[in-house]
Amino acid sequence: MSRTKTVPNVNWLPGLRPRKILLAVMPYEGEVRDKVTDKFYKNSAVKYMPLGVLSIAACIPDCYEVKVLDAASRGLTLEETINEIEAFAPDVLGLSVVTYRAWSMVQILKRCSAPVKVVGGPHATKSSAYIIEQGADAVFIDDAEVTFPKWLANGCPKGVFDGGQADLNALPLPARHLLDKKDYYIEHNDDLLFDVGRLRLPVFTSKGCPFSCIYCDVQQKTFNFKSPERVAEEFADLVEYGATSIHILDDAFNIRKNRVVGISQVLAERGIDIDWSARGTVEVREEVIAELAAAGCKRLHVGIESLDDKVLQNLKKAQRYKHIETFANHCAKHGIDILGYFIMGSPGETEAYRQKLPEMIADLGIRIPYFNILSPLAETPYYSQLLKEGRFERDHWDDFSREPVKDFIMPDVRPQEERAMLESTIVDYVSYFKRRDMHVFAA
């Protein structure tokens, strides 16, 4: 993949000031049909502000008129999304894209009349050449908070621009004011486990994960993080904005002990009192759990994946059952709930294990289990492994990226009977935990 950075400038709309910029998140319509997650976990109340787009918007100079369109959270159709874009009539249209929604990206690139169209987001990392062929004038890889404003100032040249990793402490806070927070109010329903009030907002305190789990599609392996003081500043800003709960959406929040302890201590010192939670990894250091609890952390959302050491080894997880048990004990002692992600259908998994799993989870005191089926997601080591083994006759994800189709379904290497069994097993698990009054919160 070429990462060209020098091409002739595009001379467009000379003398226009300010230039109008619209940054859009793709709608759900036509996205890849998810065969990973049971529908029970797809709760309509869960909506996250698009932090990547809002962070870029915050870096655009005031001489531009900027609009952010979160078509996904608002539940817009493709047609409604296009209509809103056309009504604003942007000079520059920027699309934030994940691979699952590449079909809607192509439709918007084809049908919208903006003079300049650009694409960023996770899908751009390995598909930039295809995206240019599909109608984008420019593609932004990795962090674009620095490269996008510079690109605007340079006259919007065509090409692919790799921003690398930005200094997260030097960036302004995300421009949340560009969205209507009412669009993110929680509509309560029977499948919500805990009451977090009406406005649960996300924050990133770090990016990237250094681990090599075979099922994971996190592309950034270098851990890039904010300081405790910067995290506390953003927490305070969210409280003032009206948040009733904050969820840290990091890939691996608790990688560095000193940073996590520092964040907890600064939050406590500044008296920031709010319900909050974080996505992280199995934590065996009790002092870390104790500091998190003292700072008000209520829940840890953790990829446990399996309670079988052989399966964990096959998934290339660093933890083993003894670590999970220690983690669960620490959380129980300090009053932190665990939302545990579990993967079904992993290499080495047995029927005997599946039969005893619900009881094992309950014995650990994990109140919120969340079950997925192992699937060859795009750009994962698991998918690459299956291709190398000849389990697929062609590279389906590359085909899809080259020519996205509506409602694409990734072929399964499992026999149909095995998939049906796994899906039925998860339905049984959900019933089991609901009977124990452990309603699952989709997160």
Candidates 385, 220, 165, ranked by Gaussian network fluctuation over the chain, Cα under 10 Å, top entry: 385
Cleavage-rule hits (trypsin sites (Lys or Arg not before Pro)) in the stretch 36-82: DSSP loop, at most 16 neighbouring Cβ within 10 angstrom: 42
Sparsely packed chymotrypsin sites (Phe, Trp or Tyr not before Pro) within the stretch 225-310, loop by DSSP, other Cβ within 10 Å at most 15: none
Simple spin-label estimate for residue 212 and residue 399 in nanometres, 7 Å along Cα-Cβ: 3.0 nm
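If you place +1 on the Cβ of every Lys and Arg, -1 on the Cβ of every Asp and Glu, and leave all else neutral, what size is the dipole of the stretch 20-168 about its Cα centre, to the nearest 20 Debye?
380 debye
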Entries of 39/207; 67/181; 226/257 with Cα pairs more than 18 Å apart: 39/207
Computed lengthening from residue 188 to residue 45, 0.36 nm per intervening residue step minus Cα-Cα distance: 50.8 nm
Protection proxy ranking, peptides 408-414, 118-124, 347-353, average beta carbon neighbours within 10 Å, highest first: 118-124, 408-414, 347-353
Relative contact order (percent, whole number), the chain, Cα cutoff 8 Å, 6+ residue spacing: 17 percent
Within a Gaussian network of the chain (alpha carbon springs, distance under 10 Å), most fluctuating of 62, 137, 34: 62
Label-point gap, in nm, between residue 167 and residue 313 - each point 7 angstrom along Cα→Cβ: 4.6 nm
Dipole-positive endmost among 107, 118, 48 within the stretch 20-168 (Cβ charges, Cα centre): 107
Relative contact order (%) - the stretch 20-168, alpha-carbon pairs under 8 angstrom, separation at least six: 25 percent
Of the DSSP H helices in the chain, those whose Cα atoms cover at least 24 Å axially and whose Kyte score averages -1.0 or more: 416-435
Cα→Cβ-extended label distance, 7 Å offset, between residue 391 and residue 195, nm: 4.5 nm
Loop trypsin sites (Lys or Arg not before Pro), the stretch 183-262, which have at most 11 other Cβ atoms in a 10 Å radius of their Cβ (DSSP): 221
Charge dipole (debye, nearest 20) of the chain; +1 at Cβ of Lys and Arg, -1 at Cβ of Asp and Glu: 600 debye
Relative contact order for the stretch 123-168, counting Cα pairs under 8 Å that sit 6 or more residues apart, in percent: 40 percent
Furthest towards positive pole of dipole, 22, 332, 365, structure part the chain, Cβ charges: 22
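Read-outs throughout are calculated quantities, based only on the coordinates presented, and are distinct from any laboratory measurement. These numbers were taken from a predicted model, which means no experiment stands behind them. All Cβ positions, even for glycine, are placed from backbone atoms using ideal geometry, and neighbour counts span all protein chains on display.
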